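See below for the structure under consideration.
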Amino acid sequence: MKRVEVLLPAILLLGLVAALVAPAVDAGEPVTGRLRRQVEPASETINLVLDPGKEDYQGSVKIALRVKEPTSGFRFHAEGLTLQEVTLEGPAGKIEVSHKEAGPMGLVAIESASPLAVGKYALAVRFKGKLATNSIGIYRLESDGASYIFTQFEAPHARKAFPCWDEPSFKIPYQITLEVPAENIAVSNTPVERESVAEGRRTVVFYRTKPLPSYLLAIAAGPLEVVPIPDMNIPASIVTVKGRAALAAEAVEMTPKILAALEKEFGRPYPFEKLDLIAVPEAATFGAMEHPGAVTFAEAFLLLDSATMTTEDRRRVATTIAHELAHMWFGDLVTMAWWDDLWLNESFASWMGDKVSDQLYPELGLQVSEVRTTQEAMAVDSLLNTGAIRKPIESADITFGSDLGLAYSKGPAVLEMVEGWIGEKAFHKGITDYLSAHAWDNATGADLWTALSRASGRDVGGMLTSFLDQAGVPVVQVEFIAGGGVRLTQKRFLAYGVTAPTSSRWRIPVEIRWGDAGGTHEKSVLLGDKAAVMKLGTKGTPDWIHPNAGEKGYYRWTLPQSALEKLVSEAPERLSPRERVGLAFNLSALLRAGKLHGDGFLKLLGQLSSDEDPEVVSAVIELLSGVKGAFVQAEMEESFAAYVRATLGPSLKRIGTTRAPRETEKVAELRQELLGWLGEHGRDPGVLELARSMAGKYLESPASVDPELAGTALRLAALDGGRDLYENYRKHFESAKNPDDRFRFLTALGSFRDEKLFDEALSYSLSGSLHVQEIFAAPFAGSTS
């Protein structure tokens, strides 16, 4: 499904998540509302007559059924559809049946005049429906004057397009036939078997699919443009709306490499017959959706302008493509049995997607950005009102909440911790065994950790469930003991003054690294309910000690104050950039827990701000944002601005305001962050003047400005800008074809300090010509720097 790493800052913080609410159901159904299994579909053919320029459509389905035990009726889903004719045929011919609404969310009850015996049957339904306009189900939209049809069926939305058994455990083959205007192109999950044109209509018959759940079916139709992807062993292409094909080059270059890397990781080839990546102007997801063979993306997650793209743009596209293609095995080949294991799909795809993206594009800095994502997850997970990411689900009525969103951040971090604990070889064997055992079928989380336990000889399930089935983050307390050792204990990490209603315990793989006169050493232990004592073999305390070696553990940690200060001073020499970023965030956590005073925190943070690695300085900037929000009142802003200039100014002076030959992408990204902070919060006059100059140049000629700095320059110029600049930005936004350019100007519109202009930007977010994914960009523009 969609990524947590999304385009909008507010969504980055909140995550895109599914909280599932159980509605009441007809008395003939189980309490959960799930369909009974005495009658099951075996296959389904779908015929739809579609016109993107019209509101209505017509269709018919024929569903092969297996009656597994005698019954007088059964249920299926058809929400918001007008069922014009319903017929049932059995071994002896046509059977008289009636149908009626049987509950919420499109439950339809079929009743037969006489009991149905065990055997094979065929259900045929002719129906009509309306094309939605809210990016859910089967919907129509307009882009640059042309009309299109797209679909979004996860989770309970296939039932809004055609009658079906709309639950993930009903995994069957489908064959789709579409009739569209002759000038349209039609796309679905499989290649075209045959097509014909007659009387102004194009009829497209697609090959039968492999067994799939209904939520993974996809349809796109309209005057689409198709860009082939070469160097693939299957037919593959990028599909866009009219006029966007020129923005597909980066995705064309990335896709073959990403797919090949995933095939190597999974130890088996891509499991489907073709691959289309479809860019959708208005999508319900803030990222993408993993339909096999027809993956849909919000445009900003697939299309890039090579002249103006930034490192973050490339990172977003690479990780999203990799995430969705990882689903081809984990979610599509093997599908969750029910929505309570949605976390498993998303956690694994996020972890694997980032892993292969980092292998292919190390310059994007994913090794360290993963640490920051984990830290964001810990911040949410530390709140008492956050729930477990794995819990019983009674209905597929997905809404947005705050628990399952952690599947995109906490889940991958926990999987990484498991891999570090049992070893990469055992982890890989467990995954490949799991896929082999459940290919083209359904599975549960328990099936996965059973495979991992068998491959490693360790109780992976006991460790995993302690992190997945309860909320919260553990904190590992490290105390030095006589004889050259440490004593480890655990409790739940909470902010200062907060008390949990119940105690929690985890099974934590703790990896400790330390240094002494004999060199650098590492040891690990599985910390449970009881304290663990680890002998270090040193005389007295070690020279330095780091309680989360490799920054792979999903836990906070504490050290005695003197050891903490020593670790910070030794960090540039002893810790990797990944570990130094984790150290900075752990300091912030200790501040929130009351284990570190504010002055001590700022002192230690100041030491880290001089780090020569751009990722570490970037983490310091992020943590300063929290300091500003929590502690800086209006009367303190001048003093804080001076602190910002003193803390961050030297880093900008070191790297300069323009790109140097052969500098890394991460340095370029840091320059943008430093300019943003020194301009907005440090009120540095030189930076503000530079930003105004760059913004003016960008408005005249976008290619004349470093794309890494363009968005920051536009925002900083807006701070003290007036009506003329606001209108200039708005006109550029409305004429922009590139989704990244739209985002730059929209966030700049939300950056004006003039109250009237800011209010106009908020109103424009709701009433202007915005896509659904863009509505939060202006209101939250201030959080982007």
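The values are calculated or read from the model by the stated rules, or taken from the named source; none is laboratory data. Remember, predicted model here, so these are calculated numbers, not experimental data. Cβ: placed from backbone, ideal geometry, glycine included. Neighbour counts: every protein chain shown. With ligands, DNA and RNA removed, areas are computed over all heavy atoms of the protein, side chains included. Shrake-Rupley method; radii C 1.70, N 1.55, O 1.52, S 1.80 Å.
Overview of values
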{"read-out": "Count of region 83-125 residues which are among the basic types (Lys, Arg) and under 28 Å from Ser395 (Cα atoms)", "value": "1"}
{"read-out": "Which listed residue is under 29 Å from Pro362 (Cβ atoms), of a type in the set (Lys, Arg) and touching a residue at least 24 places away in the same chain (Cβ under 8 Å), from Arg692, Arg662, Arg671", "value": "Arg671"}
{"read-out": "Checking Asp305 against (1) open to solvent by 10 Å² or more (accessible area, probe 1.4 Å); (2) part of a helix (DSSP H, G or I); (3) of a type outside the set (S, T, N, Q), the condition it does not meet", "value": "(2)"}
{"read-out": "Residue satisfying condition, being part of a helix (DSSP H, G or I), more than 22 Å from the chain's Cα centre (by Cα) and not β-branched (Val, Ile, Thr), within set Gly420, Gly411", "value": "Gly420"}
{"read-out": "Residue in region 527-540 that is among the basic types (Lys, Arg), more than 26 Å from Asn385 (Cβ to Cβ) and in a strand (DSSP E or B) present", "value": "yes"}
{"read-out": "Criterion: open to solvent by 10 Å² or more (accessible area, probe 1.4 Å), assigned to a helix (DSSP H, G or I) and more than 29 Å from Leu583 (Cα to Cα) - qualifying residue of Ala379, Ala437", "value": "Ala437"}
{"read-out": "Within region 490-507, tally of residues that are surrounded by 11 or more Cβ atoms within 10 Å (Cβ to Cβ) and without any contact (Cβ under 8 Å) to a residue 24 or more places away in the chain", "value": "2"}
{"read-out": "Filter pass, Gly28 being at pLDDT below 95 and either in contact with a helix residue (DSSP H, G or I) (Cβ under 9 Å, 6 or more places away or on another chain) or surrounded by 20 or more Cβ atoms within 10 Å (Cβ to Cβ) (or both)", "value": "no"}
{"read-out": "Which listed residue is farther than 30 Å from Thr209 by Cβ, in contact with a Gly (Cβ under 7 Å, 6 or more places away or on another chain) and open to solvent by less than 10 Å² (accessible area, probe 1.4 Å), from Val473, Val486, Val478, Val510", "value": "Val510"}
{"read-out": "Number of the exception - Ser395 against (1) part of a loop (DSSP other than H, G, I, E, B); (2) in contact (Cβ under 8 Å) with a residue 40 or more places away in the chain; (3) more than 21 Å from Ile508 (Cα to Cα); (4) open to solvent by 40 Å² or more (accessible area, probe 1.4 Å)", "value": "(4)"}
{"read-out": "Filtered residues of region 103-113 (kept if closer than 15 Å to Arg36 by Cβ and surrounded by 20 or more Cβ atoms within 10 Å (Cβ to Cβ))", "value": "Leu107, Val108, Ile110"}
{"read-out": "Failed item, numbered, when Val295 is tested on (1) hydrophobic (A, V, I, L, M, F, W, C); (2) within 17 Å of the chain's Cα centre (by Cα); (3) open to solvent by 10 Å² or more (accessible area, probe 1.4 Å)", "value": "(3)"}
{"read-out": "Some residue of region 100-118 being within 29 Å of the chain's Cα centre (by Cα), without any contact (Cβ under 8 Å) to a residue 40 or more places away in the chain and not in a strand (DSSP E or B)", "value": "no"}
{"read-out": "Candidates Ser524, Ser569 - the one that is in a helix (DSSP H, G or I), of a type in the set (Ser, Thr, Tyr) and either at negative phi or open to solvent by 70 Å² or more (accessible area, probe 1.4 Å) (or both)", "value": "Ser569"}
{"read-out": "Single condition Phe297 does not satisfy, out of (1) touching a helix residue (DSSP H, G or I) at 6+ places or on another chain (Cβ under 7 Å); (2) within 25 Å of Val192 (Cα to Cα); (3) touching a residue at least 40 places away in the same chain (Cβ under 8 Å); (4) not in a helix (DSSP H, G or I)", "value": "(3)"}
{"read-out": "Some residue of region 184-192 being surrounded by fewer than 21 Cβ atoms within 10 Å (Cβ to Cβ) and farther than 30 Å from Met336 by Cα", "value": "yes"}
{"read-out": "Index of the failed condition, Leu344 passing every other in (1) more than 16 Å from Ile238 (Cβ to Cβ); (2) in contact with an Asp or Glu (Cβ under 9 Å, 6 or more places away or on another chain); (3) at pLDDT below 95", "value": "(2)"}
{"read-out": "Verdict on Asp358 being of a type in the set (D, E, K, R), over 13 Å from the mean Cα position of the chain (by Cα) and either in a helix (DSSP H, G or I) or modelled with pLDDT of 95 or more (or both)", "value": "yes"}
{"read-out": "Of residues in region 72-99 being under 43 Å from the mean Cα position of the chain (by Cα) and among the β-branched types (Val, Ile, Thr), the one surrounded by the fewest Cβ atoms within 10 Å (Cβ to Cβ)", "value": "Thr82"}
{"read-out": "Residues of region 544-560 classified as in a helix (DSSP H, G or I) and either among the aliphatic types (A, V, I, L, M) or free of Cβ contacts under 8 Å to residues at least 24 places away in the same chain (or both), total", "value": "1"}
{"read-out": "From Val61, Val17, residue being at pLDDT 95 or above and of a type outside the set (Asp, Glu)", "value": "Val61"}
{"read-out": "Qualifying position, being surrounded by fewer than 18 Cβ atoms within 10 Å (Cβ to Cβ) and either within 23 Å of Val620 (Cβ to Cβ) or not charged (D, E, K, R) (or both), among Ala691, Ala695, Ala710, Ala703", "value": "Ala703"}
{"read-out": "Tally of residues being among the basic types (Lys, Arg) and more than 34 Å from the chain's Cα centre (by Cα) across region 695-728", "value": "2"}
{"read-out": "Single residue of region 591-601 satisfying the filter (among the aliphatic types (A, V, I, L, M) and within 17 Å of Tyr555 (Cα to Cα)) that is surrounded by the fewest Cβ atoms within 10 Å (Cβ to Cβ)", "value": "Ala593"}
{"read-out": "Condition check for Leu116: open to solvent by less than 60 Å² (accessible area, probe 1.4 Å) and within 28 Å of Lys54 (Cα to Cα)", "value": "no"}
{"read-out": "Number of the exception - Thr658 against (1) touching a Lys or Arg at 6+ places or on another chain (Cβ under 9 Å); (2) part of a helix (DSSP H, G or I)", "value": "(2)"}
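Every residue, every condition in (1) open to solvent by less than 10 Å² (accessible area, probe 1.4 Å); (2) free of Cβ contacts under 8 Å to residues at least 12 places away in the same chain; (3) basic (Lys, Arg); (4) not in a strand (DSSP E or B), yes or no:
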| position | (1), (2), (3), (4) |
| --- | --- |
| Pro156 | yes, no, no, yes |
| Phe170 | yes, no, no, yes |
| Ile176 | yes, no, no, no |
| Glu179 | no, no, no, no |
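Table: residues versus (1) of a type in the set (A, V, I, L, M); (2) crowded, with 20+ Cβ neighbours inside 10 Å; (3) in a helix (DSSP H, G or I).
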{"site": "Arg580", "(1), (2), (3)": "no, yes, yes"}
{"site": "Asn586", "(1), (2), (3)": "no, yes, yes"}
{"site": "Ala589", "(1), (2), (3)": "yes, yes, yes"}
{"site": "Lys603", "(1), (2), (3)": "no, no, yes"}
{"site": "Leu608", "(1), (2), (3)": "yes, yes, yes"}
{"site": "Glu612", "(1), (2), (3)": "no, no, no"}
